[in-house]
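The values are calculated or read from the model by the stated rules, or taken from the named source; none is laboratory data. Remember, it's a predicted structure, so these values are computed and weren't measured experimentally. Please note: Cβ atoms are built from the backbone with ideal geometry, for glycine as well, and neighbour counts cover all protein chains shown.
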Amino acid sequence: MINLLLITFTISLIYISMANRMMTYIRIIAFQGVLLFGVAFVELIEINLANLIFVLLETIVIKAIAIPLFLKYILDRNRITREAEPYVSNFVSVVVVTLIILGSFFLANAITDTNVRKIFFIVALSALFTGLYIIITRRKIVTHVMGFLIIENGVFVLSLAVGSEMPMLVNIGILLDIFVSVILLGIFADKIGDVFEEQDVEQLRNLKD
Amino acid sequence: MIGIYLTGSLIISVAFYFGKSHLFRIILAWLFCIMQGVLAFYEYNHPNQTELVYFTPDALAIIFLVVVSIISIPVFYHSFIYFYKHPYKPREMGLYFAATVMLITAISAAYLSNHMGITWVFVEITTLSASALIYHRRSKLTLEGTWKYIFICSISITLVFIGILFVTVAVQQADINDLFYTTLSTNAPHLSTFWLKLAFLFVFTGFTAKAGLVPMYTAGIDAKDKAPYPSAAILASVLMNVGFIGIFRFYEITSHTAVYQWTNKIVLISAILSVFVATVYMLRVKNIKRMMAYSGVEHMGIVMLGIAAGGVGYYAAILHLILHSFAKPALFFQFGQIYRTYGSKSVYDVGEYFKYNITGAMVLLLAYFVVTAMPPSGMFVSEFLIFKSLFASGYLWVLILIMILLTVIIWAFGKNVFKMLFVKPVDFDDRHLESIPFSESLSQFILLGMVIYLGLNPPKEMVDLINAAISTLPK
């Protein structure tokens with residue numbers, strides 16, 4: 001079951017690398033939130049109410065509902081065109097993301113540590129690098145926020161991979177901080193849409209020496 | 001006490017946001033500064049007593065807490081001057097002060113935290129509150145600066161989080177399951193070296209965004225350029241100490257393990273590159289504020305050299321950080337007066353400053369000597385000790401390279417500063433100049449005087465605290 005969910009998650013990474021429309025990106029990010037809920041739910045060894053509420057809040061409410069709705073609001077309000085406008089062609093992106101996944105596969109196999117579960121590790125690394133790749137190769141500012149979200153999803157999988165059990169208070173603090181930083185990034189992406197003609201990183205080249 | 005402090009500053013922050021009257025704001029600012037001072041005083045008298053599970057005032061935390069308490073008084077003073085002289089909307093002023101209080105609180109809490117996760121949470125809060133300050137003027141360029149700052153800091157803080165996750169793997173071998181610095185430090189020899197190395201790489205890279213080192217220094221430069229000058233003074237001094245403390249606490253853990261030599265190499269490489277990058281940009285930068293920000297990159301590089309060299313370098317590094325935290329705000333406060341006189345940030349538009357504002361020009365001249373570590377600056381002492389430690393630990397070639405780079409920096413810095421002081425400005429209309437009173441420069445004279453005094457005649461209390469902070473590191 002876990003393997004199935006994680007493999008679906010990896011496929012969604014390949015899919016996002018060749019998606020054309022902004023709405024597809026948002027749907028995939030919402031879908032990844034649901035997948036992460038599934039993984040975390042199966043992983044919960046002892047199902048007590050506090051853990052369940054926390055996981056439910058982090059994955060379904062925030063990752064799958066609140067943030068995608070917020071991103072859609074930004075798209076609509078700034079009348080951002082539907083196309084994602086990458087710098088490279090979709091074919092190249094698919095090849096690169098496939099290579100990233102393969103690379104993570106070999107990297108994870110090189111690690112001989114029984115404390116870390118390999119499949120989680122592979123998926124987490126792939127998501128991290130795919131997120132970075134999306135940030136580098138896309139032109140629009142909203143897409144950068146989405147790349148950041150994919151990185152955050154990768155970190156979530158990684159935290160399951162290493163089975164870290166931080167105290168509840170720390171977990172909640174981390175969750176809140178990430179949520180606020182994503183909202184802030186969104187708000188500023190929105191403002192950039194207001195102030196500049198286009199929501200494009202090309203506009204942000206004035207601060208230099 | 002920390003509980004009272006956190007709640008108190010939250011209340012003050014909210015009150016600042018909603019408060020309308022001017023007198024009310026001044027009272028709140030005083031209240032906050034007093035509370036900050038009382039906290040520092042209380043923690044100084046109760047060292048190493050854990051409060052609220054996650055906060056322990058160890059020697060390093062106390063040192064930096066005292067520094068931030070001293071800096072916050074002139075920061076509020078100059079913030080009020082900033083608002084007297086610049087047009088603003090009342091709501092923006094409320095947000096500005098609320099964010100300043102949040103930033104200083106988060107910085108203090110990050111110093112005091114004894115748990116990796118809690119440090120992470122408060123460092124992230126510094127990013128969020130700093131972004132409100134950087135965006136204060138709401139222009140296109142501040143928007144760009146803020147966006148870059150939040151984005152790069154968010155990515156960096158994610159890297160730190162990945163590092164923390166790797167630490168949790170490393171500790172599983174040692175059969176411990178919490179991330180308190182003291183637990184990690186005592187069990188350090190049992191941690192898995194592979195995961196510890198990986199964790200150090202991520203944590204170090206992540207915290208360089210705050211500390212202003214290569215590779216993630218860029219966001220900080222834009223932030224210090226675009227933030228109003230009193231906030232830039234915070235960003236350029238005490239906030240950099242937050243990045244340092246994040247790196248230092250983890251470095252202290254690795255120093256008890258087999259990866260100690262390896263981490264020293266990483267720190268050394270980053271330090272040399274930081275000084276190099278600062279040199280390159282100092283040569284070509286024409287924006288005064290950015291010039292001051294790059295000078296911060298240089299000083300953090302020197303501090304890290306001291307850490308990498310070890311021995312007396314540890315002591316000198318902490319001393320250098322303290323002195324830098326006093327010297328840099330003085331420069332930024334002085335920049336506020338320069339901007340009010342000339343209305344420009346460019347070196348080309350500023351000149352003959354001695355003619356228009358003699359006390360300000362004295363501050364600038366003195367600050368130049370202090371920041372470039374020329375005698376009688378206290379930073380001369382700390383830099384001298386760092387060079388000595390580099391020599392003692394066999395990094396002779398590094399020392400020679402750094403000395404050449406520093407000479408270039410002093411030349412480039414001096415070229416700009418002396419142009420601002422003595423060369424006639426182009427197309428400058430001096431008919432409607434306001435005269436800036438001496439009292440506004442007083443805080444900068446005091447800060448620079450402290451740098452000289454603390455360096456040449458360090459009080460016994462400070463020396464004891466620094467020695468306690470580095471006592472666990474290998475000799």
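For the stretch B:407-435, a residue qualifies if it is in contact with a Gly (Cβ under 7 Å, 6 or more places away or on another chain) and either outside the structural domain of B:Gly378 (by TED's automatic domain parsing) or under 18 Å from B:Ala367 (Cα atoms) (or both), and the qualifying residues are B:Lys419, B:Met420. The residue of the stretch B:279-296 that is farthest from B:Ala330 (Cα to Cα), among those that are of a type outside the set (A, V, I, L, M) and at the interface with chain A (Cβ under 8 Å from one of its Cβ atoms), is B:Arg284. Evaluate the stretch B:27-39: report whether one residue or more is surrounded by fewer than 16 Cβ atoms within 10 Å (Cβ to Cβ) and among the aromatic types (Phe, Trp, Tyr). Checking the stretch B:27-39: at least one residue is surrounded by fewer than 16 Cβ atoms within 10 Å (Cβ to Cβ) and among the aromatic types (Phe, Trp, Tyr).
Evaluate the following for B:Ala174: is it assigned by TED's automatic domain parsing to the domain that holds B:Lys210 and free of Cβ contacts under 8 Å to residues at least 24 places away in the same chain?
Numbers: assigned by TED's automatic domain parsing to the domain that holds B:Lys210: yes; free of Cβ contacts under 8 Å to residues at least 24 places away in the same chain: yes.
Taking the combined requirement at face value, the residue satisfies it.
For the stretch B:158-175, state whether one or more residues are more than 29 Å from A:Lys191 (Cβ to Cβ), more than 11 Å from chain A (Cβ to nearest Cβ) and out of contact with any helix residue (DSSP H, G or I) (no Cβ under 6 Å at 6 or more places or on another chain). Yes. Can we say B:Tyr88 is more than 11 Å from chain A (Cβ to nearest Cβ) and not in a helix (DSSP H, G or I)? So B:Tyr88 passes the test. Residue count for the stretch A:168-209 under the criterion of being facing chain B (nearest Cβ under 7 Å) and closer than 30 Å to B:Val121 by Cβ: the result is 13.
Within the stretch A:38-60, the set of residues being within 25 Å of A:Arg21 (Cβ to Cβ) and hydrophobic (A, V, I, L, M, F, W, C) comprises just one member, A:Ile60.
It is to be established whether one or more residues within the stretch B:61-79 are in a loop (DSSP other than H, G, I, E, B), in contact (Cβ under 8 Å) with a residue 12 or more places away in the chain and either within 14 Å of another protein chain (Cβ to nearest Cβ) or closer than 19 Å to B:Ala327 by Cα (or both). No, there is no match, as no residue in the stretch B:61-79 is in a loop (DSSP other than H, G, I, E, B), in contact (Cβ under 8 Å) with a residue 12 or more places away in the chain and either within 14 Å of another protein chain (Cβ to nearest Cβ) or closer than 19 Å to B:Ala327 by Cα (or both). Taking the criterion of being under 22 Å from the mean Cα position of the chain (by Cα), among the β-branched types (Val, Ile, Thr) and part of a helix (DSSP H, G or I), the residues of the stretch B:339-397 that qualify are B:Val363, B:Val370, B:Val371, B:Val381, B:Ile386. The residues of the stretch B:95-118 that are assigned to a helix (DSSP H, G or I), under 12 Å from B:Phe55 (Cβ atoms) and modelled with pLDDT under 95 amount to a single one, B:Ile118. As a summary of the residue check, B:Met462 satisfies the conditions (1) surrounded by fewer than 14 Cβ atoms within 10 Å (Cβ to Cβ); (2) within 30 Å of B:Ala188 (Cα to Cα); (3) within 26 Å of the chain's Cα centre (by Cα) except for the one numbered (1). Part of a helix (DSSP H, G or I), under 16 Å from the mean Cα position of the chain (by Cα) and under 18 Å from A:Val123 (Cβ atoms), is that true of A:Phe31? Taking the combined requirement at face value, the residue satisfies it.
Scanning the stretch A:72-116 for residues that are hydrophobic (A, V, I, L, M, F, W, C) and within 16 Å of A:Asp200 (Cα to Cα) yields a count of 5.
The single condition among (1) within 14 Å of another protein chain (Cβ to nearest Cβ); (2) under 28 Å from A:Leu176 (Cβ atoms); (3) of a type in the set (Ser, Thr, Tyr); (4) free of Cβ contacts under 8 Å to residues at least 60 places away in the same chain that A:Thr143 does not meet is (4).
Of the candidates A:Ile65, A:Ile60, A:Ile80, the single residue that is of a type outside the set (D, E, K, R) and touching a residue at least 40 places away in the same chain (Cβ under 8 Å) is A:Ile80. If B:Ser154 satisfies all but one of (1) out of contact with any Lys or Arg (no Cβ under 6 Å at 6 or more places or on another chain); (2) assigned to a helix (DSSP H, G or I); (3) touching a residue at least 60 places away in the same chain (Cβ under 8 Å); (4) of a type outside the set (A, V, I, L, M, F, W, C), what's the number of the condition it fails? Only one criterion is unmet by B:Ser154, namely (3). Looking across B:Ile358, B:Ile307, B:Ile269, B:Ile302, one residue alone is under 16 Å from B:Val398 (Cβ atoms), surrounded by fewer than 24 Cβ atoms within 10 Å (Cβ to Cβ) and either modelled with pLDDT of 95 or more or outside the structural domain of B:Leu235 (by TED's automatic domain parsing) (or both). It is B:Ile269.
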